[in-house]
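No lab work stands behind these numbers, since they all come straight from the coordinates. This structure is a prediction, so every number in the text was calculated from the model and none was measured. A quick note on method: Cβ atoms are made from the backbone with ideal geometry, for glycine too, and the neighbour counts reach across all protein chains shown.
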Amino acid sequence: MKIEVLYDSVCGLYGDSFNIKYLSMCSNSLKIINTDLNNTPAFLKEDIKMIYIGSMTERTEEIVIKKLLPYKDKIRSLIEKGVIFLVTGNAIEIFGESIYRNGKEIEGLNIFNFYTKYDYENRYHELYLGEYENTKIVGFKSQFSYFYNINEEPLFKTIKGMGNDKSTSNEGIRKNNFMATTILGPILIQNPYFTKKILKLLGLKDELKFENSIIKAYDTRLKEYENLNF
């Protein structure tokens, strides 16, 4: 069973790359394909069960969009077919119509009908507590960008913190098995029950590496988040 990681060398800020590294530790059935910027994506010809892309710099966003633009119809088709996508951090931005930054409009992949606006004077920097299918989600968000006109189902419902912008509790995007969130870092390590759900989507046993320790750490973090004001 193959998972493709897109552009890990430049799309793995904030420890995002450990999401798939941890997932691969949970099952010997997974084969990880790391696709470099100079390589053709494996999803064009191979049977890929899951595709992952993580956080990147603003400059890298433009490069990644140019690399993936020729394949946007294929990406859209894979989403419709139910291929699992996990998109973290600011990688969500490349799937929209446009990114507005420094007075410039950058064309996105236009997979989803939303746009991103950057506000460098008002950086959002905070913990996050949300919910996914009756499972609490903990994480951290740090961003200049805000998302508007998202009509898709949200991935998470916000309990504490900010959603896609300051006016909504909707966080991220979910369509079929496409899952995108602006939470940074190793969300799968921090959220073991969410990871179990992804393992089930992959058709695997929901057994985690270091499960007792991971769940204990999650329980401690969750209790702290629930007691904090943010």
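Quick look at the numbers
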quantity	calculated
Label point distance in nm, E207-N229, each placed 7 Å from Cα along Cα→Cβ	4.6
Cα gyration tensor of the stretch 135-205 - equivalent ellipsoid semi-axes, whole Å, descending	22, 14, 10
Residues of the stretch 39-61 with amide N under 15 Å of the 7 Å Cα→Cβ point at K2	39-52
In the stretch 122-172, the trypsin sites (Lys or Arg not before Pro) that fall in loop regions by DSSP, at most 14 other Cβ within 10 Å	R123, K166
In Hz, Karplus ³J(HN,Hα) per residue of the stretch 23-34 (6.51, -1.76, 1.60; θ = phi - 60°; x = Gly, Pro)	4, 5, 6, 7, 8, 6, 7, 8, 10, 9, 10, 9
Dimensions in Å of the stretch 90-213 - Rg and Dmax from alpha carbons	15.2, 49
Listed residue pairs exceeding 28 Å between alpha carbons, taken from K66/K205; K45/K104; K21/K67; K72/K160; K21/K175; K45/K175	K66/K205; K45/K104; K72/K160
Burial ranking of peptide ranges 19-27, 55-63 (average Cβ count within 10 Å, highest at the top)	19-27, 55-63
Hz values of 3J(HN,Hα) by residue in the stretch 71-76 - Karplus curve (6.51, -1.76, 1.60), Gly and Pro given as x	10, 5, 5, 5, 4, 4
Residue-by-residue Karplus 3J(HN,Hα) for the stretch 171-176, coefficients 6.51, -1.76, 1.60, Hz, glycine and proline x	10, x, 9, 9, 9, 6
Assigned charges on the beta-carbon of Lys, Arg, Asp, Glu; the chain dipole about Cα centre (debye)	480
Rg/Rh ratio calculated on Cα atoms of the chain (Kirkwood radius)	0.94
Lys, Arg +1 and Asp, Glu -1 on Cβ, resulting dipole of the stretch 5-125 about Cα centre, debye, nearest 20	280
